[in-house]
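In what follows, a structure is listed as structure tokens, so that the remarks can point back to it.
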Amino acid sequence: MKLTREEVREVAYLSRIEMTDEELDRMTGQLGAILDYADMLNELDLEGVEPTSHVIPMKNVMREDVVKESCGVEKALMNAPDRFGDFFRVPKVIDEGEGH
Amino acid sequence: MKYEPVIGIEVHAQLKTDSKLFCGCSTGFAAAPNHHVCPVCLGLPGTLPVLNRKAIEYVVRTCIALECEVSPASRFARKNYYYPDLPKAYQISQYELPIGRNGKLTVRAGGREKTIRIHRIHLEEDAGKLVHDASGGSCVDYNRTGIPLMEIVTEADVRSSEEAVAYLTSLRSILQYIGVCGANMEKGEMRCEPNISVRPVGAEEFGTKTEMKNLNSFRAVRLGVDFEIERQIDAIENGERIVQETRRWDEATQTTQTMRSKERAHDYRYFPDPDLVPVEVSASVVELIRAKAPELPEPRRVRFISQYGLPEYDAEVLTGSKAMADFFERAASLHNDPKAVSNWIMTELMGCLNESGKTIDECAVTAEDLTALLELMGKGVISARMGKDVFKDMFASGRPPAEIIKEKGLEQMNDETAISDAVEKVIADNPGPAADFRAGKKQAAGFLVGQVMRLTGGKANPKIVGRIIEDKLLSE
Ligand SMILES: [Zn+2]
């Protein structure tokens with residue numbers, strides 16, 4: 001599997017990371033090397049093996065539906081870069097948002 | 001050329017849990033922004049989400065009601081995108097292994113039955129709320145973030161706005177019946193996003209579809225879907241290309257407008273959320289939840305006909321909402337004439353609700369008050385005519401009927417001597433009609449009864465008045 005420069009550009013865009021041409025070249029090489037390394041797994045016969053999403057065999061970790069005290073608006077906003085009253089303030093967004 | 005619409009419907013239903021999906025923050029109404037938040041739902045580093053058991057139970061309950069297969073194993077995935085309403089920059093959702101699949105819901109639309117297949121039901125967390133104002137930026141409130149949403153997706157089986165509304169009406173009623181969701185569209189407890197395409201009748205292939213948002217009532221769904229179908233047909237007839245996009249229903253202009261184009265395919269880079277372990281719902285747990293499941297609208301409708309002897313129409317109307325059906329059953333358990341209870345609910349109660357724009361949950365009249373009124377009428381304390389006025393007062397004030405009757409002095413006059421005096425006066429004042437009645441003109445009685453009622457301020461018991469008039473005139 002060969003990672004292309006265009007794929008790296010796309011992934012960078014999706015992650016909102018701006019990259020110079022020089023960085024794109026470097027990342028294409030480095031990420032490609034990592035993927036090549038992981039490619040070794042394809043040499044194994046994995047017929048009938050479920051993809052692993054967790055390494056520890058655990059399931060059904062749940063809590064009861066009980067309300068706990070929230071942390072309070074001041075604590076919540078303590079690390080906010082900017083606030084407006086009790087709101088977090090962020091740079092103006094024009095897009096209507098993604099689908100949920 | 002004739003076209004047919006092909007519609008699939010995505011519904012987001014807010015589950016009625018007390019706490020959020022992955023943390024203990026309240027899902028209740030918060031007076032101010034960012035008061036129901038904690039490090040987990042704010043997505044702060046070092047926190048771990050823990051699944052709310054009730055949310056899983058509610059989704060399984062819904063799966064059972066919609067005849068879905070419940071996946072023995074399901075898991076959560078991260079849906080990655082950047083937007084300030086999403087503090088973690090991903091939404092915890094489900095992708096490959098949703099909880100429910102392959103269900104169906106049969107609805108009645110246009111006088112016939114239609115089965116709409118359910119593609120999948122999954123669980124996810126809600127995002128926050130963004131307020132654009134004059135502060136020079138965008139303001140974010142994370143109170144909603146992490147509130148459990150159940151997404152219910154149909155196959156593209158819907159063929160008209162009428163079927164879409166019938167499906168949503170029926171779904172809302174089921175969600176209310178099984179107690180998992182308030183399902184009030186105006187309050188945003190149930191949000192619906194239809195995707196719509198059109199194709200020439202007989203064609204196999206689907207046309208390009210658009211998705212619609214901001215439909216906040218059944219009326220908006222009907223108008224919006226019809227508008228979009230027409231818009232697409234017009235575009236095709238004019239040789240234009242339908243663009244795959246999200247369109248927003250605009251209530252003011254009653255049109256849909258482009259919200260964002262989906263020309264650049266979204267890549268959410270879903271992957272299993274390593275913070276959450278798989279959920280396994282065994283067959284025995286499903287059976288346990290099934291055993292506890294409340295009665296659904298359809299079986300209840302059938303039972304109303306057999307148990308209370310109600311006509312089909314009454315049973316259908318009364319079971320249309322769980323709250324209304326509950327109200328009826330409570331009243332019917334207190335009063336031994338279920339048809340009378342039904343009549344009063346369907347005419348007086350529903351009339352008052354319609355007029356005031358209230359729902360049964362907001363209604364001040366209790367089932368106990370209604371049956372007390374029926375008992376008072378049955379005993380002749382007030383007439384049926386008076387009963388209707390008393391009911392209006394009960395609805396407006398929330399007071400019990402006896403209190404209203406007493407305060408307004410509405411008790412029916414059953415005192416024979418007093419009525420007899422009034423009858424004599426009316427006969428003396430109206431010799432003509434009295435003579436007619438004596439001569440065998442029965443319809444003259446109506447006039448005389450009316451005069452006695454007028455004289456007594458409408459309080460005389462009309463049955464007694466009629467009898468006394470007959471006694472006096474025919475025995476002379
Ligand atoms: Zn929280």
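The values are calculated or read from the model by the stated rules, or taken from the named source; none is laboratory data. These figures come from a predicted structure and were not determined experimentally. Cβ sites come from the backbone with ideal geometry, for glycine too, and all protein chains shown count toward neighbours. When the accessible area is computed, the model is the full protein with side chains, heavy atoms only, and any ligands, DNA or RNA have been set aside. Shrake-Rupley method; radii C 1.70, N 1.55, O 1.52, S 1.80 Å.
Things worth noting here:
- Any hit, the stretch B:125-139, residues being of a type in the set (Ser, Thr, Tyr), in contact (Cβ under 8 Å) with a residue 12 or more places away in the chain, within 13 Å of chain A (Cβ to nearest Cβ) and farther than 13 Å from residue B:11 by Cα: yes
- Test for residue B:317: is it exposed (fewer than 15 other Cβ atoms within 10 Å of the Cβ), of a type outside the set (Gly, Ala, Ser) and outside the structural domain of residue B:172 (by TED's automatic domain parsing): no
- Looking across B:144, B:159, B:222, one residue alone is assigned by TED's automatic domain parsing to the domain that holds residue B:90 and within 16 Å of the ligand (Cβ to nearest atom). It is B:144.
- The set of residues from the stretch A:52-74 being surrounded by fewer than 14 Cβ atoms within 10 Å (Cβ to Cβ), within 20 Å of residue A:88 (Cα to Cα) and more than 12 Å from the ligand (Cβ to nearest atom) comprises just one member, A:74.
- Check on residue B:73, away from the ligand (no atom under 16 Å from the Cβ), in the same structural domain as residue B:280 (by TED's automatic domain parsing) and open to solvent by 40 Å² or more (accessible area, probe 1.4 Å): yes
- Whichever residue in the stretch A:12-28 is touching a helix residue (DSSP H, G or I) at 6+ places or on another chain (Cβ under 8 Å) and within 14 Å of chain B (Cβ to nearest Cβ) and, among such residues, is farthest from residue B:267 (Cα to Cα): A:18
- The single condition among (1) in contact with a Pro (Cβ under 7 Å, 6 or more places away or on another chain); (2) more than 16 Å from the ligand (Cβ to nearest atom) that residue B:53 does not satisfy is (1).
- Highlighted here are the helices (runs of 4 or more DSSP H) found entirely within chain A that include at least 3 residues which are closer than 20 Å to residue B:43 by Cα: A:73-77.
- Selection status of residue B:105, assigned by TED's automatic domain parsing to the domain that holds residue B:147 and surrounded by fewer than 20 Cβ atoms within 10 Å (Cβ to Cβ): no
- Which listed residue is out of contact with any strand residue (DSSP E or B) (no Cβ under 9 Å at 6 or more places or on another chain) and either at pLDDT below 95 or more than 8 Å from the ligand (Cβ to nearest atom) (or both), from B:27, B:47: B:47
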